[in-house]
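The values are calculated or read from the model by the stated rules, or taken from the named source; none is laboratory data. All figures in this text were calculated on a predicted structure; none of them were measured in a lab. Methodologically, a virtual Cβ is constructed for each residue, glycine included, from the backbone with ideal geometry; neighbour enumeration extends over all protein chains shown. Heavy atoms of the whole protein, side chains included, go into the accessibility calculation; ligands, DNA and RNA do not. Shrake-Rupley method; radii C 1.70, N 1.55, O 1.52, S 1.80 Å.
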Amino acid sequence: MWGGRFAAEPDRVMQRINASIGFDRRFATEDIAGSRAHAAMLAAQGILTAADAAEIDRGLVAIEAEIEAGSFAFSEALEDIHMNIEARLAELIGPVAGRLHTARSRNDQVATDFRLWVRGWIDATDAGLAALQRALLAQAEAGAAFVMPGFTHLQVAQPVTWGHHMLAYVEMIGRDRGRLADARMRLNECPLGAAALAGTGFPIDREMTALALGFGAPMANSLDAVSDRDFVLETLSAATICATHLSRMAEEIVIWSTAQFGFVKLSDKYTTGSSIMPQKRNPDAAELVRAKIGRIIGAQVALTTVMKGLPLAYSKDMQEDKEPFFDAADALALAIAAMEGMVRDMAPVPERLRAAAASGYSTATDLADWLVREAGLPFREAHHVTGRAVAAAEAAGVDLPALPLETLREIDGRITEGVYEVLSVEASVASRRSYGGTAPEQVRAQIARWKELLQ
Ligand code: ARG
């Protein structure tokens, strides 16, 4: 490509360190789309003849078919996807292929390809996240009123409903989708026509190529267009947060599926057995979802580190932007799909959930609230009285609803029979009707809202 200036071939090591075709071949579709848009624009502007542009387009379409068919021969000596495609174009249509690179550079080409690729990945990921939300919503609907323990510090705190717990993740994933949509909106500007860094003297129409590729506008500064990878970093940030959510969900599934908790049964499809212990059913998929975040954060750190010291405009360092991103993108896509499958197939065990909710004095707050409401105690005093009731229950080896009235009245004479109405876990969740609260009726209202949103 640059034989005019060079007398010697690159060293083999140089070729190896320089080549990106091993991974940027994933840009093939985007690269061809960019080239076709560019050639059409050059013709419309009279920079290429219509006949040459048609030749080039025909060649590019043929190359796309070869790549799809798997018959395209990628060459490391040709360094990257851009030069692989251009070289093949020359083989197919002859010297006219050399006219395609008028008024552009690999610098604006690769930036355009990458934006297109990330945009496509965001769209696919958004669909995957919506599917996961639907799976969670189906769980929420089926178990809107199942009572389970809510935890803080992984200690039983207050009873909540299964539906409420599922919906918590629906909300988180809704924000993940919002963050990806924000990143998509900002990245959807077209670098093509920035050329190497300074723009071009040819009378190109950047609006036309931007429009043809589905971008909202051409990027307004040619230096910025070829220099920045903030769109990758922003997408990785959103991906990292999303992976955090998936990882926490996975951690809960791991805990819930233990014999000790027994909150859920996982399906055969998302678990594995042991080669030695016949009784085992291991939540491998959940564990791997929990672990995938390592790659995603790793990619974010790697690329931030690559970018942070680069002077404008393009430096070859930026070729190192792709592998970490592809790895993170693949990891997150797989994690989302696995999580969706696990959630869809997992079966909550209502008896176990309820029994766990009813242990650990989970309705102590309800007792304290009752003392405030019905007996007029200040909350701090009610807290103290309730603490003594819990201690009495613990000493007697029972839970709060099983404490005899005499025992409660010995602790505080203002307690009456009516207190038992608030001590059951069902009464506890039913009472929490504040907006966003755990009461089944609130949960059902939120399910209805989400169903509408997810249509
Ligand atoms: N393979 C290169 C990359 O991934 C394409 C851009 C090359 N530009 C250059 N000036 N060497 O970044």
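Cβ-Cβ below 7 Å, separation at least six or inter-chain, first residue in segment 157-169 and of a type in the set (Ser, Thr, Tyr), second open to solvent by 30 Å² or more (accessible area, probe 1.4 Å): which pairs?
These pairs meet every condition: Thr161/Ala145; Thr161/Phe146.
State whether one or more residues within segment 430-437 are open to solvent by less than 30 Å² (accessible area, probe 1.4 Å), on the phi < 0 side of the Ramachandran plot and modelled with pLDDT under 95.
No, the conditions are met nowhere in segment 430-437.
Which of the residues spanning segment 314-331 are within 7 Å of the ligand (Cβ to nearest atom) and part of a helix (DSSP H, G or I)?
Within segment 314-331, Lys316, Met318, Gln319, Lys322 qualify.
Of all residues in segment 202-238, count the ones that are farther than 21 Å from Leu312 by Cβ, of a type in the set (A, V, I, L, M) and open to solvent by 50 Å² or more (accessible area, probe 1.4 Å).
3
Which condition number does Ile241 fail, the rest of (1) of a type outside the set (D, E, K, R); (2) under 18 Å from Ala285 (Cβ atoms); (3) surrounded by fewer than 18 Cβ atoms within 10 Å (Cβ to Cβ) being met?
Tallying (1) of a type outside the set (D, E, K, R); (2) under 18 Å from Ala285 (Cβ atoms); (3) surrounded by fewer than 18 Cβ atoms within 10 Å (Cβ to Cβ), Ile241 fails exactly one: (2).
Exactly one of these conditions fails for Leu42: (1) among the hydrophobic types (A, V, I, L, M, F, W, C); (2) within 16 Å of the ligand (Cβ to nearest atom); (3) in contact (Cβ under 8 Å) with a residue 12 or more places away in the chain. Give me its number.
All conditions pass for Leu42, except number (2).
For the condition in contact (Cβ under 8 Å) with a residue 12 or more places away in the chain, out of contact with any strand residue (DSSP E or B) (no Cβ under 7 Å at 6 or more places or on another chain), hydrophobic (A, V, I, L, M, F, W, C) and over 30 Å from Val226 (Cβ atoms), what is the one hit in Ala286, Ala313, Ala329?
None of the others qualify; the one that does is Ala286.
Among the numbered criteria (1) open to solvent by 20 Å² or more (accessible area, probe 1.4 Å); (2) within 27 Å of the chain's Cα centre (by Cα), which single criterion is violated by Phe325?
(1)
If you check Ala335, Ala291, Ala286, which single one turns out to be surrounded by fewer than 15 Cβ atoms within 10 Å (Cβ to Cβ) and either part of a helix (DSSP H, G or I) or among the acidic types (Asp, Glu) (or both)?
Exactly one residue qualifies, and that residue is Ala291.
Go through (1) surrounded by 13 or more Cβ atoms within 10 Å (Cβ to Cβ); (2) more than 24 Å from Leu129 (Cβ to Cβ); (3) within 16 Å of the ligand (Cβ to nearest atom); (4) among the basic types (Lys, Arg) for Arg281 and report which single condition fails.
Exception for Arg281: condition (3).
Can you tell me which of Ala124, Ala135, Ala168 is closer than 13 Å to Val443 by Cα, surrounded by fewer than 22 Cβ atoms within 10 Å (Cβ to Cβ) and out of contact with any His (no Cβ under 7 Å at 6 or more places or on another chain)?
Only one candidate qualifies: Ala168.
Scan segment 341-349 and give yes if some residue there is farther than 27 Å from Leu136 by Cα, modelled with pLDDT of 95 or more and not in a helix (DSSP H, G or I), otherwise no.
Within segment 341-349, none of the residues are farther than 27 Å from Leu136 by Cα, modelled with pLDDT of 95 or more and not in a helix (DSSP H, G or I).
Can you tell which of Pro401, Pro378 is in contact with a Ser or Thr (Cβ under 7 Å, 6 or more places away or on another chain), open to solvent by 60 Å² or more (accessible area, probe 1.4 Å) and not hydrophobic (A, V, I, L, M, F, W, C)?
Pro401
Take Ile67 and decide whether it is assigned to a loop (DSSP other than H, G, I, E, B), of a type outside the set (Ser, Thr, Tyr) and open to solvent by 10 Å² or more (accessible area, probe 1.4 Å).
Taking the combined requirement at face value, the residue does not satisfy it.
Do you know which residues across segment 70-98 are more than 16 Å from the ligand (Cβ to nearest atom) and either in contact with a strand residue (DSSP E or B) (Cβ under 9 Å, 6 or more places away or on another chain) or not in a loop (DSSP other than H, G, I, E, B) (or both)?
The answer is Arg88, Leu89, Ala90, Glu91, Leu92, Ile93, Gly94, Pro95, Val96, Ala97, Gly98.
Criterion first (in a loop (DSSP other than H, G, I, E, B) and in contact with a helix residue (DSSP H, G or I) (Cβ under 6 Å, 6 or more places away or on another chain)) does Gly201 satisfy it?
no
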